[in-house]
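Since the structure comes first, as structure tokens, the remarks are kept for the end.
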Amino acid sequence: MKRGNLRLGIDLDGVVADFNSGWIERYNRDFGADLAVEQIVEWDAPTRLTHFSGMREFWNWSRTCGEGRSLFRHLHPYADALESLHRLRRRGHKIVILTTKPNFAVHDTFAWLADNEVPTTEVHILDDKTCVDCDVYLDDADHNLAALSTAHPDATICRFVRPWNSPASGLVDVHGWTAFLDLFD
């Protein structure tokens, strides 16, 4: 990997923010369910594990399930995520947040970033992450990883290994924040 001050394109949900624990916690509370994070082994888990007939219905619920705010306002960060981002920033790397959100969650996402003191001055909320040039990308979604690999063949594309994604040629598998930090040592 290239050395020096790098632009690190970091995804939020599934990488920094624990989206699945967040929606499961609120779903169990709102509907008296007993779902567990370990049940999530595929990308569209909300439609397969819940009573929602599709993602549109899920997103409608998630719009206000956080005490009047969206689900995205109340997610917990993954262990070591914030400290790792701060360490990378202190080493001179630029943290570039690349995330996809429904329109209703934009303000809650900015509030979440501020509340959690995510060390970034550059945030992109967009569907196509390939529009933002970075030296290194860290994501957990197969469709984003494939698109980034194609659009940025000279960049290092890191797959944050999760049960809902798959290995692919040319990706660097990362099994946690410590492993991601090790790439820069």
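Scanning the stretch 36-61 for residues that are in contact (Cβ under 8 Å) with a residue 40 or more places away in the chain and surrounded by 12 or more Cβ atoms within 10 Å (Cβ to Cβ), which turns out nearest to Ala111 (Cα to Cα)? Walk me through how you get there before you give the answer.
As a first pass, look at the stretch 36-61 and keep what is in contact (Cβ under 8 Å) with a residue 40 or more places away in the chain: 40-43, 45, 59.
From what is left, the residues that are surrounded by 12 or more Cβ atoms within 10 Å (Cβ to Cβ) are 40, 42-43, 45, 59.
Numbers: Ile40: 27, Glu42: 28, Trp43: 25, Ala45: 26, Trp59: 19 Å.
Only one residue fits best here, namely Trp59.
Pick from the stretch 67-98 the residues that are of a type in the set (Gly, Ala, Ser), surrounded by fewer than 17 Cβ atoms within 10 Å (Cβ to Cβ) and more than 14 Å from Phe180 (Cα to Cα): which of them is modelled with the lowest pLDDT? If you could, list the steps in order and put the result at the bottom.
First pass over the stretch 67-98, keeping only residues of a type in the set (Gly, Ala, Ser): 68, 70, 79, 81, 84, 92.
Right, trim to surrounded by fewer than 17 Cβ atoms within 10 Å (Cβ to Cβ) and you get 68, 79, 92.
If we keep only those that are more than 14 Å from Phe180 (Cα to Cα) as well, we get 68, 92.
Working: Gly68: 91, Gly92: 96.
Ranking the candidates gives Gly68 first.
Can you confirm whether Ser149 is of a type in the set (Gly, Ala, Ser) and touching a strand residue (DSSP E or B) at 6+ places or on another chain (Cβ under 6 Å)?
Numbers: of a type in the set (Gly, Ala, Ser): yes; touching a strand residue (DSSP E or B) at 6+ places or on another chain (Cβ under 6 Å): yes.
Judged against the criteria, Ser149 is a match.
Considering only residues that are assigned to a loop (DSSP other than H, G, I, E, B) and without any contact (Cβ under 8 Å) to a residue 60 or more places away in the chain, which ones fall in the stretch 121-134? Give the steps one after another, and end with the answer.
If we filter the stretch 121-134 for residues that are assigned to a loop (DSSP other than H, G, I, E, B), which is where we start, we get 121, 126-128, 132-134.
Scanning the stretch 121-134 gives Thr121, Leu126, Asp127, Asp128.
Residue-by-condition table, conditions (1) within 19 Å of Val174 (Cβ to Cβ); (2) in the same structural domain as Asn165 (by TED's automatic domain parsing); (3) in a helix (DSSP H, G or I); (4) in contact with a strand residue (DSSP E or B) (Cβ under 7 Å, 6 or more places away or on another chain):
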{"position": "Asn28", "(1), (2), (3), (4)": "no, no, yes, no"}
{"position": "Asp34", "(1), (2), (3), (4)": "no, no, no, no"}
{"position": "Ser53", "(1), (2), (3), (4)": "no, no, no, no"}
{"position": "Ser84", "(1), (2), (3), (4)": "yes, yes, yes, no"}
{"position": "Arg87", "(1), (2), (3), (4)": "yes, yes, yes, no"}
{"position": "Ile97", "(1), (2), (3), (4)": "yes, yes, no, yes"}
{"position": "His107", "(1), (2), (3), (4)": "no, yes, yes, no"}
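Applying the selection to the stretch 135-150, what residues are surrounded by fewer than 19 Cβ atoms within 10 Å (Cβ to Cβ), touching a Lys or Arg at 6+ places or on another chain (Cβ under 9 Å) and either of a type in the set (Gly, Ala, Ser) or in a loop (DSSP other than H, G, I, E, B) (or both)? Full working, then the answer.
Step one: of the stretch 135-150, the residues surrounded by fewer than 19 Cβ atoms within 10 Å (Cβ to Cβ) are 142-143, 146-147, 149-150.
From what's left, touching a Lys or Arg at 6+ places or on another chain (Cβ under 9 Å): 142, 147.
Ala147 - this is the single residue of the stretch 135-150 that is surrounded by fewer than 19 Cβ atoms within 10 Å (Cβ to Cβ), touching a Lys or Arg at 6+ places or on another chain (Cβ under 9 Å) and either of a type in the set (Gly, Ala, Ser) or in a loop (DSSP other than H, G, I, E, B) (or both).
Only residues that are farther than 30 Å from Asp135 by Cβ and touching an Asp or Glu at 6+ places or on another chain (Cβ under 9 Å): list them for the stretch 10-34, please.
Asn28
The values are calculated or read from the model by the stated rules, or taken from the named source; none is laboratory data. Owing to the predicted nature of the structure, the values given are computational and were not obtained by experimental measurement. Quick reminder, even Gly has a Cβ in these numbers, built from the backbone with ideal geometry, and neighbours come from all protein chains shown.
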